[in-house]
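The values are calculated or read from the model by the stated rules, or taken from the named source; none is laboratory data. Everything numeric in this text was worked out from a predicted model, so none of it was measured. Please note: Cβ atoms are built from the backbone with ideal geometry, for glycine as well, and neighbour counts cover all protein chains shown.
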Amino acid sequence: TAKIGGLGKFIGAATAADGRIVFAPYDANSVGVFNPVDSTFELVDITAQISSADKFLGAAAAADGRIVFAPAKADGVGVFNPVDSTFVLVDIAAQISSDGKFTGAAEAADGRIVFA
């Protein structure tokens, strides 16, 4: 079982369709997944896709069940599928390349995820 310590590991969370809470990795190199039913916590490693610091700030559940992470210093949007624990980094470097991109995420009425 992986363990992490220190401050600032996760900033932001969203509830998955099955009730689990998915934590947005900030300085952690894993997505955190907490199951409130059985009080278990799982770490899903994402270092194959991204391992920099200050990755994401905020999370929102998309209509299709995936969890979307708002990029802070990451050069992509993080997308986590809680069904199969897969993570994809969608490159946005061509659209916005500065640090401190966004600090939150929310689902709009039309189903799009909006960053602020």
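Of everything in the stretch 53-81 that is part of a strand (DSSP E or B) and within 11 Å of residue 103 (Cα to Cα), the residue that is nearest to the chain's Cα centre (by Cα) is 69.
Counted as qualifying within the stretch 6-45 are the strands (runs of 3 or more DSSP E) with 1 or more residues that are closer than 16 Å to residue 72 by Cα, namely 10-15, 21-25, 30-35.
Quick check, is residue 28 out of contact with any helix residue (DSSP H, G or I) (no Cβ under 6 Å at 6 or more places or on another chain), of a type in the set (A, V, I, L, M, F, W, C), buried (at least 18 other Cβ atoms within 10 Å of the Cβ) and farther than 12 Å from residue 80 by Cβ? Yes; evaluated as a whole, the condition is true for this residue.
May I ask you to verify whether residue 50 is assigned to a loop (DSSP other than H, G, I, E, B), over 15 Å from residue 115 (Cβ atoms) and either touching a residue at least 12 places away in the same chain (Cβ under 8 Å) or of a type outside the set (D, E, K, R) (or both)? It would help to see each step written out before you state the result.
On the way: assigned to a loop (DSSP other than H, G, I, E, B): yes; over 15 Å from residue 115 (Cβ atoms): yes; either touching a residue at least 12 places away in the same chain (Cβ under 8 Å) or of a type outside the set (D, E, K, R) (or both): yes.
For residue 50, the condition - assigned to a loop (DSSP other than H, G, I, E, B), over 15 Å from residue 115 (Cβ atoms) and either touching a residue at least 12 places away in the same chain (Cβ under 8 Å) or of a type outside the set (D, E, K, R) (or both) - is met.
Residue 38 passes all but one of (1) without any contact (Cβ under 8 Å) to a residue 12 or more places away in the chain; (2) surrounded by 13 or more Cβ atoms within 10 Å (Cβ to Cβ); which number fails? Tallying (1) without any contact (Cβ under 8 Å) to a residue 12 or more places away in the chain; (2) surrounded by 13 or more Cβ atoms within 10 Å (Cβ to Cβ), residue 38 fails exactly one: (2). Of the candidates 105, 70, 17, 116, the single residue that is at pLDDT below 95 and in contact with a Gly (Cβ under 6 Å, 6 or more places away or on another chain) is 116.
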